[in-house]
1. What number of residues within the range 29-52 satisfy the criterion of being at pLDDT 90 or above and of a type in the set (A, V, I, L, M)?
2. Just one of GLY149, GLY106 is more than 22 Å from PRO89 (Cα to Cα) and not hydrophobic (A, V, I, L, M, F, W, C); which is it?
3. When only residues in the range 32-73 that are open to solvent by 70 Å² or more (accessible area, probe 1.4 Å) and in contact with a helix residue (DSSP H, G or I) (Cβ under 7 Å, 6 or more places away or on another chain) count, which is nearest to ASN85 (Cα to Cα)?
4. Can you pull out every residue in the range 114-144 that is in contact with a helix residue (DSSP H, G or I) (Cβ under 7 Å, 6 or more places away or on another chain) and within 13 Å of ARG98 (Cα to Cα)?
5. Among the residues of the range 110-145, count how many are open to solvent by 80 Å² or more (accessible area, probe 1.4 Å) and either at pLDDT 90 or above or under 22 Å from the mean Cα position of the chain (by Cα) (or both).
6. Name the residues in the range 20-29 that are within 24 Å of THR3 (Cα to Cα) and open to solvent by less than 80 Å² (accessible area, probe 1.4 Å), would you?
7. Could you please give the count of residues in the range 155-165 that are surrounded by fewer than 16 Cβ atoms within 10 Å (Cβ to Cβ) and touching a residue at least 40 places away in the same chain (Cβ under 8 Å)?
8. Inside the range 110-149, can you point out the residues that are in a strand (DSSP E or B), closer than 18 Å to VAL74 by Cβ and among the β-branched types (Val, Ile, Thr)?
Amino acid sequence: MLTALVLLAACALVTTALVQRLLGERPVLSYDAVAARVHDTSWNELPVLVGGGAAVLAGCTLLAAALFRGRPAVLALTREPAEINAGTPRHGLERSLRAAAASVDGVAGAKVRSGRRRIRVKVRTNRTNRSGLAAAVRATVQERLDRVGLAEVPEVRVRVRGGRR
């Protein structure tokens, strides 16, 4: 995102200078001044070293962002007919699982967060005795996951807050 903004700003600056030059006005960015400055700068001067270091840092950052990908936005569904590839949006799946967890008797509120290998469900209860609630929520969420039919079914972890143990 930051790289795109920097490139957009540079392109806007160059375009503005070119349009000003075509209109016969004094450009905000003079090509002759930039060319003279670059020509007079040697490789071991501070601006060149700082610019090179910034370019290396930006390259390493972009490489790390490409290697350590985030969570996928769409989760693959099973391929019953081999010719069809289908998926479900992560946000929609989390919303569906949240509704399933909230439908369990004794649950006052639920939050669902899905990762690559597991789904974390946090439920709030007003019960004084919360024994068996985690298992009921896990079973309901697991049943909803089975109906959705994900290609890789993640592990479901449930945490219950509120009430007394």
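The values are calculated or read from the model by the stated rules, or taken from the named source; none is laboratory data. On a predicted model such as this, the values are computed, not experimentally measured, just so you know. Here Cβ is always computed from backbone atoms with ideal geometry, including for glycine, and neighbour counts include all displayed protein chains. The area values use the complete protein model at the heavy-atom level, side chains included, leaving out ligands, DNA and RNA. Shrake-Rupley method; radii C 1.70, N 1.55, O 1.52, S 1.80 Å.
1. Summing the residues that are at pLDDT 90 or above and of a type in the set (A, V, I, L, M) in the range 29-52 gives 5.
2. Working: GLY149 fails: more than 22 Å from PRO89 (Cα to Cα).
The unique qualifying residue is GLY106.
3. Restricting to residues being open to solvent by 70 Å² or more (accessible area, probe 1.4 Å) and in contact with a helix residue (DSSP H, G or I) (Cβ under 7 Å, 6 or more places away or on another chain), the top hit is ALA73.
4. Passing the criteria: SER114, ILE119, VAL121, VAL123, VAL137, THR140, VAL141, ARG144.
5. Residues flagged as open to solvent by 80 Å² or more (accessible area, probe 1.4 Å) and either at pLDDT 90 or above or under 22 Å from the mean Cα position of the chain (by Cα) (or both) within the range 110-145 amount to 9.
6. We begin by selecting, within the range 20-29, every residue within 24 Å of THR3 (Cα to Cα); these are 28-29.
Once the filter is applied, which keeps residues that are within 24 Å of THR3 (Cα to Cα) and open to solvent by less than 80 Å² (accessible area, probe 1.4 Å), the range 20-29 yields only LEU29.
7. Here is the first cut: in the range 155-165, the ones surrounded by fewer than 16 Cβ atoms within 10 Å (Cβ to Cβ) are 155, 157, 159, 161, 164-165.
Cutting the leftovers down to touching a residue at least 40 places away in the same chain (Cβ under 8 Å) gives us none.
So the answer is 0.
8. Within the range 110-149, VAL112, ILE119 qualify.
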